[in-house]
Amino acid sequence: MKNKLSWFAVPYVVWIALFVVAPIILVVIYAFSTADGSFTLDNFSRMGTYAVVFGRSFKLAIIATAVCLLIGYPISYLMSREGPRFQRVGMVLIMLPMWMNFLLRTYSWMSILENNGLLNRLFQSIGLIDLYNQIAMALSANPAAYEPITHFQLINTQGAVVLGMVYNYLPFMILPIYSVIVKLDRSLIEAARDLGANTFHVFRRVILPLSLPGVLSGITMVFVPSVSTFAISKMLGGGTEMMLGDLIEQQFLGGAYNPQLGAAISLVMMLIVVVCMVVMNRFGEGEEQAVML
Amino acid sequence: MKRSNSLLSRVFMALVFVFLYAPIVLLIIFSFNAGNSNTVWQGFSLEWYEKLFRDRLIMQSVYTTLLISLLSTIIATVAGTFAAIGFYSMRRRIRDPLMTVNNIPMMNADIVTGVSLCLFFVAFFNFWGDFAVWFNSLQGVIQLPTRLTMGFGTLLIAHVCFNIPYVILSVGPKLRQMDKNLVDAAQDLGCTWMQAFWKVIIPEIKPGIISGALTAFTMSIDDFVISYFTAGSSASTLAMTIYGMTKKRVSPEINAVSTLLFVTVLVLLAIVNIREARQERRNAHRLHA
């Protein structure tokens with residue numbers, strides 16, 4: 001019976017070959033060729049001119065991942081200690097924003113962070129902006145020349161881009177960590193307690209090491225989309241904070257049409273993902289389920 | 001042994017939920033705003049809903065989004081279930097490398113998947129063009145179209161592509177949990193091979209199929225980047241329409257359409273969850289009885 005059923009996978013294997021493997025081979029070919037099709041390494045050496053973009057993308061993605069971890073881990077842990085009904089509703093609530101396209105959610109942040117957006121209006125109405133002006137004027141060397149601000153610059157900053165990433169990808173951090181913690185064998189915790197561990201020790205010596213596969217999978221799932229985002233940086237960064245995703249997009253659909261260079265950058269991005277996957281696989285089994293909520 | 005959380009940690013959880021939902025709530029509130037501002041409340045009105053239903057561009061993109069998500073979910077669920085059964089019946093030596101390749105679209109950055117598919121479609125269409133010209137010159141009976149462009153078809157293929165891995169990943173564990181003797185037993189008791197498949201395997205893995213389909217649909221609805229690279233200029237999903245608008249001014253009609261989508265999803269999920277909860281309670285009762 002076994003061999004007969006394995007034929008079920010044949011159409012999908014053909015599909016993978018066509019729509020997964022062949023496109024990736026094309027990316028590799030493009031990355032190593034010139035516009036007229038001969039072999040070159042220029043595309044990679046030319047990436048040096050974009051070192052700033054690489055640096056910025058990594059910086060912002062690492063910050064966003066760290067913030068997601070700092071919020072996501074405690075939330076997952078606290079959630080797993082609640083009753084079953086609370087957990088069920090809580091997880092639905094965490095998943096729910098994903099059902100609204102991420103562009104819609106990012107667009108909403110635009111109107112919150114705008115110069116005359118909701119947050120600035122709020123700051124205005126509680127007098128925060130006036131307070132800031134008074135303090136700044138008092139501190140400035142030449143109070144007469146001080147120009148009072150009318151708003152805080154919130155949008156079109158790197159902070160706004162990080163906020164957008166954290167907001168959009170936080171569920172990707174919570175889900176894998178939560179699913180690992182909630183499946184932890186409770187008797188292990190009880191055993192640790194019986195053997196004299198206090199809450200802190202139980203957490204550090206039992207829960208934390210056992211939830212590591214979920215943490216790693218969460219880090220990957222937040223870091224990869226963050227480092228490659230392009231819509232968020234354009235909408236909340238105002239186009240001034242160009243990221244790797246914007247760079248790739250420009251090479252294919254934007255003004256700086258150069259698919260060869262775009263393919264080379266994509267290839268680098270794929271290598272990043274491979275590295276992440278290898279690290280995750282080293283930490284073994286839990287990963288496969290962790291990826292699926 | 002289970003101790004409930006302190007007040008402080010409850011407050012922390014509440015804050016995170018406020019953070020997650022504040023932008024959505026604002027979007028919904030301002031969909032009922034009279035003016036076209038997203039920041040100043042100018043009175044209640046349904047004007048944006050009215051305008052929305054008359055806006056061909058937005059309605060068309062909503063329709064495309066829903067159709068693509070539904071079709072790709074159905075195709076991916078069927079194909080993914082068969083593929084998972086096939087994978088599961090293979091020897092590990094063959095299965096493991098295949099699973100790694102299967103995970104690629106899921107792990108890869110969206111933009112890389114989008115770009116690679118875009119390159120592939122363009123290359124294929126060029127090849128097809130040459131082939132069609134050659135084929136048409138050979139005979140006069142069948143005329144093949146010589147110019148193919150990206151559009152609904154390529155969009156659908158792309159969505160199916162990134163959806164199947166999610167289905168496989170959620171069906172796979174259910175297959176592994178299944179008692180391998182069940183199928184043999186069914187056949188010993190006179191089931192044909194097909195009957196064993198429909199009456200034993202499918203019911204066993206049904207929860208996995210459903211959660212896989214749900215994940216696939218979520219991913220489809222949430223996607224922007226891959227669609228952006230594979231839709232060409234003839235098809236546009238809602239996300240692409242909004243992205244086009246952000247360069248100029250976003251109309252509050254978008255708030256209205258988001259509200260409608262959100263409320264629909266909320267109601268659907270509530271129904272599914274209430275039903276599930278009831279089912280579980282009933283099962284628990286049966287166990288006690």
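The values are calculated or read from the model by the stated rules, or taken from the named source; none is laboratory data. Here the structure is a predicted model, which is why all the values come from computation and not from measurement. When we count neighbours, we look across all protein chains shown, and the Cβ atoms used for this are built from the backbone with ideal geometry, even at glycine.
In the range B:2-99, counting only helices (runs of 4 or more DSSP H) that sit wholly within it, the ones holding 1 or more residues that are under 27 Å from B:Ile221 (Cα atoms) and of a type in the set (S, T, N, Q) span B:56-88. Being exposed (fewer than 15 other Cβ atoms within 10 Å of the Cβ) and within 19 Å of A:Ala22 (Cα to Cα) is the requirement here; does B:Asn126 meet it? Spelling it out, B:Asn126 is indeed exposed (fewer than 15 other Cβ atoms within 10 Å of the Cβ) and within 19 Å of A:Ala22 (Cα to Cα). Go through the residues of the range A:124-146 one by one and say whether even a single one is in contact (Cβ under 8 Å) with a residue 60 or more places away in the chain, in contact with a helix residue (DSSP H, G or I) (Cβ under 8 Å, 6 or more places away or on another chain) and more than 9 Å from chain B (Cβ to nearest Cβ). Taking every residue of the range A:124-146 in turn, none turns out to be in contact (Cβ under 8 Å) with a residue 60 or more places away in the chain, in contact with a helix residue (DSSP H, G or I) (Cβ under 8 Å, 6 or more places away or on another chain) and more than 9 Å from chain B (Cβ to nearest Cβ). Looking across the range B:215-227, the residues that are part of a helix (DSSP H, G or I) and either of a type in the set (D, E, K, R) or at the interface with chain A (Cβ under 8 Å from one of its Cβ atoms) (or both) come down to B:Thr215, B:Thr218, B:Ile221, B:Asp222, B:Val225.
Tell me, which residue of the range A:1-33 that is more than 7 Å from chain B (Cβ to nearest Cβ) and not in a helix (DSSP H, G or I) is nearest to A:Ile265 (Cα to Cα)? It comes out as A:Phe32. Search the range B:234-260 for residues being within 13 Å of B:Ser61 (Cβ to Cβ) and without any contact (Cβ under 8 Å) to a residue 12 or more places away in the chain, and hand back the single one that is nearest to the other protein chains (Cβ to nearest Cβ). Top of the filtered list is B:Met245. In the range A:60-75 there is no residue that is part of a loop (DSSP other than H, G, I, E, B) and either within 11 Å of chain B (Cβ to nearest Cβ) or of a type in the set (Asp, Glu) (or both).
Selection over the range B:131-152 of residues that are over 34 Å from the mean Cα position of the chain (by Cα) and not in a helix (DSSP H, G or I) gives a count of 5. Just to be sure, is B:Phe229 closer than 23 Å to A:Val92 by Cα and of a type outside the set (Val, Ile, Thr)? Taking the combined requirement at face value, the residue does not satisfy it. The single condition from (1) at pLDDT 90 or above; (2) part of a helix (DSSP H, G or I) that B:Ser236 fails is (2).
With a requirement of 1 or more residues that are touching a Cys at 6+ places or on another chain (Cβ under 7 Å) and more than 18 Å from A:Thr65 (Cα to Cα), the helices (runs of 4 or more DSSP H) lying completely within the range A:203-276 that satisfy it span A:244-252. The residues listed here are A:Glu288, A:Glu241; of these, the one that is at pLDDT below 90, touching a helix residue (DSSP H, G or I) at 6+ places or on another chain (Cβ under 6 Å) and among the acidic types (Asp, Glu) is A:Glu241.
Hey, among the residues in the range A:34-59 that are aliphatic (A, V, I, L, M) and part of a helix (DSSP H, G or I), which one's farthest from A:Met242 (Cα to Cα)? Only one residue tops the list, namely A:Met47. Applying the criterion of being charged (D, E, K, R) and touching a helix residue (DSSP H, G or I) at 6+ places or on another chain (Cβ under 7 Å) to the residues of the range B:1-58, the residue that is surrounded by the fewest Cβ atoms within 10 Å (Cβ to Cβ) is B:Lys51. When each of A:Ser266, A:Ser228 is tested for being in contact with a Phe, Trp or Tyr (Cβ under 9 Å, 6 or more places away or on another chain), within 12 Å of chain B (Cβ to nearest Cβ), within 30 Å of A:Tyr107 (Cα to Cα) and not charged (D, E, K, R), the lone residue that passes is A:Ser266. Taking each residue of the range B:45-67 that is on the phi < 0 side of the Ramachandran plot and looking for partners that are among the charged types (D, E, K, R) with beta-carbon atoms closer than 8 Å, six or more apart or interchain, yields B:Trp48/B:Glu253; B:Lys51/B:Glu253; B:Leu52/B:Glu253; B:Asp55/B:Glu253; B:Ile58/B:Glu253.
Scanning the range B:131-153 for residues that are surrounded by 11 or more Cβ atoms within 10 Å (Cβ to Cβ) and closer than 30 Å to B:Ile75 by Cα yields B:Phe131, B:Ala132, B:Leu144, B:Thr146, B:Leu148, B:Thr149, B:Met150, B:Gly151, B:Phe152, B:Gly153. Across the range B:166-195, the qualifying residues are those that are among the β-branched types (Val, Ile, Thr) and part of a helix (DSSP H, G or I), and the one among them that is nearest to the other protein chains (Cβ to nearest Cβ) is B:Val183. Being facing another protein chain (nearest Cβ under 8 Å), closer than 22 Å to B:Glu47 by Cα and of a type outside the set (Phe, Trp, Tyr) is the filter here; which residues of the range B:261-279 pass it? Within the range B:261-279, B:Leu261 is the sole residue that qualifies. Restricting attention to the range B:83-103, which residues are at the interface with another protein chain (Cβ under 7 Å from one of its Cβ atoms) and either touching a residue at least 60 places away in the same chain (Cβ under 8 Å) or under 17 Å from B:Gln177 (Cα atoms) (or both)? Within the range B:83-103, B:Ala83, B:Ile85, B:Gly86, B:Phe87, B:Ser89, B:Met90, B:Asn102 qualify. If you go through the range B:114-146 and keep only what is within 16 Å of B:Phe162 (Cα to Cα) and more than 8 Å from chain A (Cβ to nearest Cβ), you end up with B:Gly114, B:Phe121.
Would it be correct to say that B:Ile209 is part of a helix (DSSP H, G or I), more than 28 Å from A:Met110 (Cα to Cα) and in contact with a helix residue (DSSP H, G or I) (Cβ under 8 Å, 6 or more places away or on another chain)? Considered against the rule, which asks whether it is part of a helix (DSSP H, G or I), more than 28 Å from A:Met110 (Cα to Cα) and in contact with a helix residue (DSSP H, G or I) (Cβ under 8 Å, 6 or more places away or on another chain), B:Ile209 comes out as yes.
For A:Arg81, the requirement of being of a type in the set (Lys, Arg) and either touching a residue at least 24 places away in the same chain (Cβ under 8 Å) or more than 7 Å from chain B (Cβ to nearest Cβ) (or both) is not met.
Which members of the range A:113-139 meet the condition of being farther than 14 Å from A:Ile149 by Cα and either among the basic types (Lys, Arg) or touching a Leu at 6+ places or on another chain (Cβ under 9 Å) (or both)? Once the filter is applied, which keeps residues that are farther than 14 Å from A:Ile149 by Cα and either among the basic types (Lys, Arg) or touching a Leu at 6+ places or on another chain (Cβ under 9 Å) (or both), the range A:113-139 yields A:Leu113, A:Glu114, A:Gly117, A:Leu118, A:Leu119, A:Leu122.
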